[in-house]
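Working notes, structure below.
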Amino acid sequence: MPVPPGLTRPHVLVLGGTTEARALAAALDERPELRVTTSLAGRVKDPAALPGAVRVGGFGGAAGLAAWLGAHRVDAVVDATHPFAADITAHAGLAAAETGVPLAVLRRPGWEPVAGDQWRRVPSLRDAARALAGHGREVFLTTGRTGLAEFSGLDGHHFLVRAVEPPEPPFPRHLRVLLDRGPYTVHGETELLRAHRVDVLVTKDSGGAATGAKLAAARALGVPVLMVDRPALPGTVRAFADLAGVLGWLESALGRRPGGRP
Ligand code: NAP
C-alpha cells in the first residue's frame with residue numbers, strides 16, 4: 001500500500017491552550033512541508049477553531065504521551081501550554097526523555113512591576129489565601145476556576161471570580177462569578193474594579209497582553225496585588241519567550257531527525 005504523502009512530512013506536536021500555541025500552529029500550518037497537530041486538554045467546551053490538526057483530551061500521563069508520540073510519528077514537540085500548567089509540562093519533559101523526541105517550551109515572559117504598583121509576590125495560591133488576612137473584604141480573584149478550594153474557608157471576604165467556565169465546589173462562601181475570557185482593556189478593568197469596590201486583586205503571573213490590563217487598572221486605583229509566582233520549568237528543557245526563537249529551534253531540531261529535511 002502506498003504511504004500517503006502526508007505521513008512523510010515532519011510532524012510537530014504543539015501542546016496548546018494558549019494564544020502563543022495558536023500563533024505557533026498558524027505559523028507552522030503555513031508551511032506545506034510540515035504537519036502540525038495541536039493538543040488541547042479539553043477544559044473549554046467550545047474552543048475557537050485552530051489551524052492544522054487538533055486532538056482533544058489528556059494523554060494518560062507521561063507514559064501515555066510517550067506512546068502517542070511514537071504512534072503518531074512525532075518529530076518534535078513544542079510545549080506552548082500556560083505557564084501554570086505544570087503537570088503537562090513535566091509529562092512532556094519525561095516523554096521527550098523517554099522517546100528522544102526533541103522538546104522545547106514556548107513561554108511568554110512574566111509580568112514585571114512598574115512604578116506605582118503595589119505587588120506582593122507569593123509562591124502559591126495557598127500563600128495568596130493566607131496573605132488576604134491583611135487586606136480589605138472585597139477580593140477580585142483572577143486565578144481561574146481551579147484552585148478556589150484554597151480560598152474556601154475565608155468567610156470574612158467577598159470574592160469576585162472571573163473564569164472562562166463556571167467553577168465547581170469547593171469554593172468560597174461569598175462568591176460572585178463573572179464568565180469571560182478576555183482580552184480586557186484598561187478602561188474596562190478600571191470600571192470593574194471601581195464597580196465592585198475591589199480592595200485587593202489576586203492573580204497568577206501569567207504574563208501576556210490579553211489579561212495584563214487589570215494590573216494597570218489596579219495601579220491607577222491604588223489597589224494592591226497578590227501575584228502568584230510561576231512554577232519552575234524542568235531544569236533541562238529549552239525555553240523560548242517568542243515565536244521566532246522556537247521556530248529557529250524547530251528548524252534545527254527537524255533538520256537533525258534521521259533522514260529529515262525541514
Ligand atoms: P495541567 O494541570 O498541567 O494538566 C493536567 C492534565 O491535563 C495533564 O496531566 C494532562 O492529562 C492534561 N493536559 C493539560 N494540558 C494538555 C494539553 N495541552 N493537551 C492534552 N492534555 C493536556 O494543566 P491545566 O493547568 O489543567 O491546563 C489545562 C490546559 O488549559 C492547558 O492546555 C493549558 O495550556 C490551558 N490553560 C491553563 C491555564 C492555567 O491557569 N493553568 C490558563 C489558561 C489555559 P494527562 O496526564 O492525561 O495527559
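Set side by side, the residues PRO183, PRO113 differ, and just one is under 30 Å from LEU24 (Cα atoms), outside any strand (DSSP E or B) and at pLDDT below 95, which is PRO183.
Across the range 59-84, the number of residues qualifying as away from the ligand (no atom under 11 Å from the Cβ), part of a loop (DSSP other than H, G, I, E, B) and out of contact with any Gly (no Cβ under 7 Å at 6 or more places or on another chain) comes to 3. The residue that is surrounded by the most Cβ atoms within 10 Å (Cβ to Cβ), among those in the range 8-28 that are without any contact (Cβ under 8 Å) to a residue 60 or more places away in the chain and either of a type in the set (Phe, Trp, Tyr) or more than 15 Å from ALA244 (Cα to Cα) (or both), is ARG9. For the residues VAL105, VAL101, VAL44, the requirement of being closer than 26 Å to ALA244 by Cα and within 12 Å of the ligand (Cβ to nearest atom) singles out VAL105. Residues of the range 134-171 that are at pLDDT below 95 and not in a loop (DSSP other than H, G, I, E, B): GLY134, ALA163.
Residue check: is ARG43 modelled with pLDDT under 95 and part of a loop (DSSP other than H, G, I, E, B)? Judged against the criteria, ARG43 is a match. If only residues of the range 208-223 that are crowded, with 19+ Cβ neighbours inside 10 Å and in a loop (DSSP other than H, G, I, E, B) are counted, the one that is farthest from the chain's Cα centre (by Cα) is VAL223.
The values are calculated or read from the model by the stated rules, or taken from the named source; none is laboratory data. Predicted model, so just to flag it, every value in this text is computed and none were measured. Note that we place each Cβ from the backbone using ideal geometry, even for glycine, and neighbour counts take in every protein chain shown.
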